[in-house]
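To start, the structure under review is shown below, and the notes come after it.
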Amino acid sequence: MIAIASPQGGQLQAEWTLTGDRQAPILYLHGWGGSRRNWQPMAQALEDCGAGLALDWRGFGEARSQPTNQDYSLQATVADLVALLDQLALPPVRIVAHSWGCSVALLFAQAYPERCDRLLLTASGLFSYSAIAFAIFQQISQLLVRSRSPLWQKIPGLDRLILSRFCHQPLNPVTTRSFLEDFLQADTEAAIGSLQDAVSLTAVEQLGQAWRSLSVPTLLISGQFDQIAPVVLGERAAALSDRCRQVVIPQVGHLPMLEDPTAFAAIARPFLQADRNSLP
């Protein structure tokens, strides 16, 4: 385990998922409420593509104990990513990201294209701003975060019920339990602060510009039945840049790398292994 000091205070936690060539590392970024565990099985499946480095963002996974009044905005999280690259002296990275992690990856690639070899984005897209819809989402999400309790883990079937919002295909029991554990263990300040910034007019504007200005090869993998980031939002995003193409995995939802890892790996592998000059 590697502790990375954040410019905001506190730390990120990172872990090499396998030994191998670190000259072109693959950086795995989890989504909101998750942890590096979300990517570990896929990193192992893609070990022939190079060494993988999976991280826990500040306040998530094993990087939970943090000082108060930190900045959990997307831009501050991009600064965390830069700190990781600096402290580990990493060369330009291939990034594989999920959901909220895709937003961080997009802004990072926009600001530091020379440090990003390519992007593989999962369950993301171009969102439109709606003041009413965003306000309702914020209120419900904050209520859910603040009402969490360790007792939730003792309620039979609750993990499957929560996951049903994210998945079209059921996951194995161990992965299902870990999904709930990650959400329950996430730091309240980090969970709410990151969500407030990511679901906002400012974020929609910033990310729209990031999609339009893509300069690194980008592959967007969408789930056919994703209720969080529907396929149509991915289509809108991919249409903005000739550096991005979209692939849809059938019969999966918001976690395609866990719901159908075989299909996901088959799509991801040639993109990660291809010569950069041949990529879109």
Handout entry: Residues (under 24 Å from GLU259 (Cα atoms) and part of a helix (DSSP H, G or I)) located in segment 107-140
Key = none
Exercise for the section: Could you tell me which of the residues VAL231, VAL247, VAL216 is among the hydrophobic types (A, V, I, L, M, F, W, C), modelled with pLDDT of 95 or more and over 30 Å from GLN169 (Cβ atoms)? Expected result: VAL216
Completion exercise
Quick count over segment 188-209, residues being closer than 22 Å to ARG236 by Cα, in a helix (DSSP H, G or I) and over 16 Å from the mean Cα position of the chain (by Cα), is 7
Problem - Selection status of SER141, in contact with a Ser or Thr (Cβ under 8 Å, 6 or more places away or on another chain), open to solvent by less than 40 Å² (accessible area, probe 1.4 Å) and either touching a residue at least 12 places away in the same chain (Cβ under 8 Å) or closer than 21 Å to GLN70 by Cα (or both) - result: no
Handout entry: Failed item, numbered, when ALA274 is tested on (1) aliphatic (A, V, I, L, M); (2) at pLDDT 95 or above; (3) surrounded by fewer than 21 Cβ atoms within 10 Å (Cβ to Cβ)
Key = (2)
Practice task
Return a yes/no flag: does segment 20-35 have any residue that is touching a Phe, Trp or Tyr at 6+ places or on another chain (Cβ under 7 Å), at pLDDT 90 or above, among the polar types (S, T, N, Q) and open to solvent by less than 50 Å² (accessible area, probe 1.4 Å).
Solution key: yes
Practice task
Those residues that are open to solvent by less than 30 Å² (accessible area, probe 1.4 Å) and either in a loop (DSSP other than H, G, I, E, B) or out of contact with any Phe, Trp or Tyr (no Cβ under 6 Å at 6 or more places or on another chain) (or both), I need them from segment 234-260; list them, please.
Solution key: GLY234, ALA238, SER241, CYS244, ILE249, VAL252, GLY253, HIS254, LEU255, GLU259
Practice task
Filter segment 60-105 down to residues that are surrounded by fewer than 18 Cβ atoms within 10 Å (Cβ to Cβ) and hydroxyl-bearing (Ser, Thr, Tyr) and give me whichever is farthest from ASP226 (Cα to Cα).
Solution key: THR68
Exercise for the section: Sort through LEU151, LEU180 and tell me the only one that's surrounded by 13 or more Cβ atoms within 10 Å (Cβ to Cβ) and either of a type in the set (S, T, N, Q) or in a helix (DSSP H, G or I) (or both). Expected result: LEU180
Exercise for the section: Would you confirm whether any residue within segment 5-13 is in a helix (DSSP H, G or I), open to solvent by 50 Å² or more (accessible area, probe 1.4 Å), at pLDDT below 95 and not acidic (Asp, Glu)? Expected result: no
Problem - Unique residue being open to solvent by less than 50 Å² (accessible area, probe 1.4 Å) and farther than 28 Å from PRO217 by Cα when the list is LEU55, LEU163 - result: LEU163
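The values are calculated or read from the model by the stated rules, or taken from the named source; none is laboratory data. Please read these numbers as outputs of a predicted model, since none were measured by experiment. Because the Cβ atoms are built from the backbone with ideal geometry, glycine has one as well, and the counts that use them run over all protein chains shown. Each accessible area value is taken on the protein alone, full model and side chains, heavy atoms only, with ligands, DNA and RNA left out. Shrake-Rupley method; radii C 1.70, N 1.55, O 1.52, S 1.80 Å.
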